[in-house]
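Below you'll find the structure, written out as structure tokens, and then a few comments.
The values are calculated or read from the model by the stated rules, or taken from the named source; none is laboratory data. This is a predicted model, so every value here is computed, not measured. Ideal geometry is used to build each Cβ from the backbone, glycine not excepted, and the neighbour counts take in all protein chains shown.
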Amino acid sequence: MDDSRDDADADASPESSAGRPPTLTEARERDADDPLATLRERFFVPDGELYMDGNSLGLCAADAAAALEEAVEQWQTLAIRGWTDADPDWFTYGERLGDRLAGLVGADPAEVVVGNSTTVNIHTLVGTFYDPDRGAEILVNDLDFPTDHYAIRAQLRQAGRDPEEALRVVESRDGRTVDEDDIVAAIDDDVGMVFMPSVLYRSGQLLDVERITEAAHDAGALAGFDLAHSVGVVPHRLSDVGVDFAVWCHYKYLNAGPGAPAGLYVNERHFGVTPALAGWWGHEKETQFEMRHTYTPAPSAGAFQIGTPPILAAAPLDGALNVTEDAGIEALREKSVALTDFLVALVDDRLPDCEVGTPREAARRGGHVAVEHPEAYRISEALKARGVVVDFRTPNVVRVCPSPYYVGFEDVYRVVEHLEAILDDREYERFETRGGGVT
């Protein structure tokens, strides 16, 4: 069983509770009974919009804005004294945020820290733990987010290895998902590290972190994960299942704002190792200001901090975590599963020209749903013109994310209504085909 799955998820079905197609009345009833419905009041939700892009950038919470204002006030009133006299002090900001995040990923507080960016954290963790003597190859999959491959290839080159030979790629059978049997079968004595996402960014497939970790360890390899599309919406048990290291961002489900500093996890059995990208902020705190030229790593995940933490960028996370903690990660997961079940059932019932590219079993699904159509790009543009904020991913995916923090069942119903109208009237034909640019 995946570290982020539970028995309740395994039996969930993408149909309404009565086995009938979902209705607007049912949506309203479920919203009325939703114990997390009031969370929406704690966010700045754009007027007149249906925001379904929280897996890419979460909305701003009032608590996040207040925490940023407080940090600015501390800067104004304390200046440099903020490093020691602010409440809480800035000097241990990354470690303290790591303490708060530890429960969301199932780790000891010392195993988690906030710092750097996701890509930088991949560089430093892969660069630190890749050992060709353990196994010359790193195992990834062909549906990974590109930055994972960029960073791993760069670290292989740094180690004097040809990425074309040392990067082993598990191929998808259907272009949507990765068969976990294929991942496990690909782990042999030549593989020294497995690096996988917890959730595939296009399709929303949730991988079995526990199974992959066990298979890696059985072969003598290390197991690392990119949790960018699961942290804050899927519970994890990283320490219990023995994951070696993990990275993630905070601007998606954790609603910490664009460019928020990232997070990382390092299992305590690896404490004391010198990071590949050692920096002053990762030095042990007790002697950091002795300004020694010899690096002494912090005896925790804090060793993997590189530069001074950007307090003004990190402060919104401090506030946004109030919402997550008040709701509880298990309750957020339960609502997320219910919302995506509801969405899948509505797509099946009302959008015959679309396919669901996300696994239907709740235990294999993250927090978003891939709605597939050959005209997905123009459909996504038509949705945006109607005030429905989604995103497009090549080649044919409209990603719809009903974030459990601020999206309700009626919102999901209305989104599918818009999709149905766009398809029935061929409204998407008014928009140009995709030319290029960032997707």
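Checking the conditions here, which among 333, 399 is outside any helix (DSSP H, G or I), out of contact with any Cys (no Cβ under 9 Å at 6 or more places or on another chain) and basic (Lys, Arg)?
From the options 333, 399, the qualifying one is 399.
Of the residues that make up the range 252-260, is at least one at pLDDT 95 or above, surrounded by fewer than 23 Cβ atoms within 10 Å (Cβ to Cβ) and in contact with a Ser or Thr (Cβ under 9 Å, 6 or more places away or on another chain)?
Checked against the condition, which is being at pLDDT 95 or above, surrounded by fewer than 23 Cβ atoms within 10 Å (Cβ to Cβ) and in contact with a Ser or Thr (Cβ under 9 Å, 6 or more places away or on another chain), the range 252-260 yields at least one hit.
Pairs under 6 Å by beta carbon, first residue under 12 Å from residue 24 (Cβ atoms) in the range 398-420, partner among the small types (Gly, Ala, Ser) and at pLDDT 95 or above, six or more apart or different chains?
Short answer, once both residue conditions are applied: 409/27; 410/27; 413/27.
Return the residues of the range 1-53 that are more than 30 Å from residue 213 (Cα to Cα), polar (S, T, N, Q) and modelled with pLDDT under 90; say none if nothing qualifies.
16, 17
Restricting attention to the range 376-392, which residues are over 17 Å from residue 414 (Cα atoms) and buried (at least 20 other Cβ atoms within 10 Å of the Cβ)?
Across the range 376-392, the qualifying residues are 376, 377, 378.
Just checking, how many residues over the range 50-90 are among the charged types (D, E, K, R), surrounded by fewer than 15 Cβ atoms within 10 Å (Cβ to Cβ) and assigned to a helix (DSSP H, G or I)?
Result for the range 50-90: 4.
Working only within the range 110-134, note down all residues that are surrounded by fewer than 24 Cβ atoms within 10 Å (Cβ to Cβ) and either among the polar types (S, T, N, Q) or not in a helix (DSSP H, G or I) (or both).
117, 118, 119, 128, 131, 132, 133, 134
I'd like to know if the range 367-380 contains one or more residues that are under 24 Å from the mean Cα position of the chain (by Cα) and in a loop (DSSP other than H, G, I, E, B).
Yes: one or more hits.
Of the numbered conditions (1) farther than 19 Å from residue 316 by Cα; (2) touching a His at 6+ places or on another chain (Cβ under 9 Å); (3) of a type in the set (S, T, N, Q), residue 55 satisfies every one except a single condition; which is it?
If we test residue 55 against (1) farther than 19 Å from residue 316 by Cα; (2) touching a His at 6+ places or on another chain (Cβ under 9 Å); (3) of a type in the set (S, T, N, Q), just (1) comes out false.
Of everything in the range 23-49, what is crowded, with 21+ Cβ neighbours inside 10 Å and not in a helix (DSSP H, G or I)? Give them in sequence order.
The answer is 43, and nothing else.
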